Amino acid sequence: MNILQIFNKIPYPPKDGGSVAVCNFSEGFANSGHRVDLLCLNTDKHFVNIPKVQNYLPKNMTLSGVNINTKIRISHAIKNLVFSKLPYIAERFISEKFKLQLINHLQQKEYDIIQIEGLYMMPYIKIIRNYSKGIISYRAHNIEHEIWQLNLKQEQNFLKKIYLKHLLTRLRKFELSFINTYDTIIPITKRDGKLLAEFGNNKPSHVSPTGIDLTKYNIFENNFSEIRLFHLGSLDWIPNTEGLFWFLQNIWKKLTVQHPDLIFTIAGRNASPDFIKQIRSYKNIIFKGEIENAIDFMHQHNVMIVPLLSGSGMRIKIIEGMAAGNIIITSSKGAEGIDAESGKEILIADNPDEFIQQINYILNNTEKAKQISEAAKHYISVNFDNFAITESLMNFYINIMNK
């Protein structure tokens, strides 16, 4: 089959959850023998020199990008507020150059499937519908307006709060406006699929979590003779920073009294200077910033702390950590879409006392840590193998075509 994917940034090299989600499907399709074209916006924030990442791509896959400046500018935000009905955060990704490049792709090749990756590429669906007879599939990476509800909740500035409330109203309307405009929808978690149905979706739906290439993770022996706590995730994503500050304030202070030598290493992209200053005010924190190789970093540590309080979609770093044999200590929110059993493949904690209890449990039970590590790796191998997930999605598409 000929497959076209469109995304709002170049996902190579894959350094965040959204990029991993796109790349793994692209490679899964290509490695299954399908021909894949990936057409992306090449934003100034995540700019990529495309020729330098060609070696990441399978042979039957192409990558094209259209340069665009998505930097948030006050003048543009005011203009949007006065003259547009679209949410500014979405309008930034609408590009005439991308429209022309998309039309060119659709005219040059007959695609069987066009997979739209994420909400911010949905405005291009009308063009796809006009120029292609292929199945249009919307892959909903998350429920976008839920994340911005958190922005509104956290904002203290009165004027910014008013603006964010207005933006959130537009964003929710924008998100709901695309319900049923596609042929199929691919939520990442069952919860998101249920919410989309409540919003009115009546098109065929197939829950398809992000899979991983297991061969990249099963290359190290896990050692729990010394417990090394860490967090790894994008540090410009509000649910991550919200959860980390909650953990440091309510849990880490108490833990460092109980265990004066315990270290917590935090790594991730795009941390603000204020974030770095605040976390370094706590004892026994090592801040690494952006790291070169996430898999190596995960194997240098062994207990991943993911204290998420909000957000939607699936935490891919948890999947990767489990595949690497890390012990994952997270909240029920963090474990959404994974469905592992607490105490067997993962450890769930939803309040400060439970987090402290689970961390102490691992510190005092080396043998149990090894058992959970092995169970986690097995669970991921059974439930999140990228080849099996891609094959399941392709079978879903084939069934749609045959109806």
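The values are calculated or read from the model by the stated rules, or taken from the named source; none is laboratory data. Note that the structure is a prediction, hence the values are computed from the model and not measured. For neighbour counting, all protein chains shown are included, and Cβ atoms are generated from backbone atoms with ideal geometry for every residue, glycine included.
Residue 389: assigned to a loop (DSSP other than H, G, I, E, B) and surrounded by 13 or more Cβ atoms within 10 Å (Cβ to Cβ), yes or no? For residue 389, the condition - assigned to a loop (DSSP other than H, G, I, E, B) and surrounded by 13 or more Cβ atoms within 10 Å (Cβ to Cβ) - is not met.
Of all residues in the stretch 115-137, those satisfying the criterion of being β-branched (Val, Ile, Thr) and either in contact with a strand residue (DSSP E or B) (Cβ under 7 Å, 6 or more places away or on another chain) or surrounded by 20 or more Cβ atoms within 10 Å (Cβ to Cβ) (or both) are 116, 125, 128, 135, 136.
Filter the stretch 333-355 down to the residues that are of a type in the set (S, T, N, Q) and in contact with a strand residue (DSSP E or B) (Cβ under 6 Å, 6 or more places away or on another chain) and list them by number. Passing the criteria: only 342.
Does at least one position in the stretch 344-356 carry a residue that is assigned by TED's automatic domain parsing to the domain that holds residue 307, surrounded by 13 or more Cβ atoms within 10 Å (Cβ to Cβ) and closer than 22 Å to residue 208 by Cα? For the stretch 344-356, residues assigned by TED's automatic domain parsing to the domain that holds residue 307, surrounded by 13 or more Cβ atoms within 10 Å (Cβ to Cβ) and closer than 22 Å to residue 208 by Cα: present. Across the stretch 195-236, the number of residues qualifying as aromatic (Phe, Trp, Tyr) and more than 29 Å from residue 391 (Cβ to Cβ) comes to 2. Within the stretch 339-354, the residues that satisfy the criterion of being touching a helix residue (DSSP H, G or I) at 6+ places or on another chain (Cβ under 6 Å) and either in a strand (DSSP E or B) or not basic (Lys, Arg) (or both) are 340, 345, 347, 349, 352. Counting only residues that are surrounded by 15 or more Cβ atoms within 10 Å (Cβ to Cβ) and assigned to a loop (DSSP other than H, G, I, E, B), the stretch 271-281 holds 1 of them. Quick test of your reading of the structure: residue 294 fulfils all but one of (1) modelled with pLDDT under 90; (2) of a type outside the set (D, E, K, R); (3) over 14 Å from residue 231 (Cβ atoms). Name the failing condition by number. Result: residue 294 passes all but (3). For residues that are crowded, with 21+ Cβ neighbours inside 10 Å, of a type in the set (A, V, I, L, M, F, W, C) and touching a strand residue (DSSP E or B) at 6+ places or on another chain (Cβ under 6 Å), tally how many sit in the stretch 22-60. Looking only at that region, the number is 7. Beta carbons closer than 6 Å, at least 6 apart along the sequence or on distinct chains, pair a first residue in the stretch 293-310 that is in contact (Cβ under 8 Å) with a residue 24 or more places away in the chain with a second that is among the polar types (S, T, N, Q) and buried (at least 23 other Cβ atoms within 10 Å of the Cβ) for 298/326; 302/326; 304/326; 306/330.
Regarding residue 183, is this residue in contact with a helix residue (DSSP H, G or I) (Cβ under 8 Å, 6 or more places away or on another chain), in the same structural domain as residue 398 (by TED's automatic domain parsing) and at pLDDT 90 or above? So residue 183 fits the description; yes. Considering only the stretch 355-403, state which residues are hydroxyl-bearing (Ser, Thr, Tyr) and in contact with a helix residue (DSSP H, G or I) (Cβ under 8 Å, 6 or more places away or on another chain). Those that are hydroxyl-bearing (Ser, Thr, Tyr) and in contact with a helix residue (DSSP H, G or I) (Cβ under 8 Å, 6 or more places away or on another chain): 361, 379, 381, 390.
If I go through the stretch 319-334 residue by residue, how many of them are within 13 Å of the chain's Cα centre (by Cα) and either assigned to a loop (DSSP other than H, G, I, E, B) or at pLDDT 95 or above (or both)? Even if it seems obvious, please write down each step before you answer.
Of the residues in the stretch 319-334, the ones within 13 Å of the chain's Cα centre (by Cα) are 319-320, 334.
Applying the additional criterion that residues be either assigned to a loop (DSSP other than H, G, I, E, B) or at pLDDT 95 or above (or both) yields 334.
Going through the stretch 319-334 one residue at a time, the tally reaches 1.
Can residue 110 be described as among the acidic types (Asp, Glu), assigned by TED's automatic domain parsing to the domain that holds residue 398 and in contact with a strand residue (DSSP E or B) (Cβ under 7 Å, 6 or more places away or on another chain)?
Working: among the acidic types (Asp, Glu): yes; assigned by TED's automatic domain parsing to the domain that holds residue 398: yes; in contact with a strand residue (DSSP E or B) (Cβ under 7 Å, 6 or more places away or on another chain): yes.
When the stated conditions are applied, residue 110 passes them.
Residue-level check: of (1) within 24 Å of residue 243 (Cα to Cα); (2) loosely packed, with under 15 Cβ neighbours inside 10 Å, residue 364 misses just (1). For the stretch 202-210, state whether one or more residues are assigned by TED's automatic domain parsing to the domain that holds residue 125, among the aliphatic types (A, V, I, L, M), more than 30 Å from residue 84 (Cβ to Cβ) and touching a helix residue (DSSP H, G or I) at 6+ places or on another chain (Cβ under 7 Å). The answer is yes; a qualifying residue exists. Within the stretch 108-137, the set of residues being within 25 Å of residue 172 (Cα to Cα), in a helix (DSSP H, G or I) and not aromatic (Phe, Trp, Tyr) comprises 119, 121, 122, 123, 125, 126, 127, 128, 129. Pairs meeting the criteria (first residue in the stretch 73-89 and in the same structural domain as residue 172 (by TED's automatic domain parsing), second residue in a helix (DSSP H, G or I) and among the aromatic types (Phe, Trp, Tyr), beta carbons under 7 Å, at least 6 apart or on different chains) are 77/88; 80/88; 86/174; 87/174.
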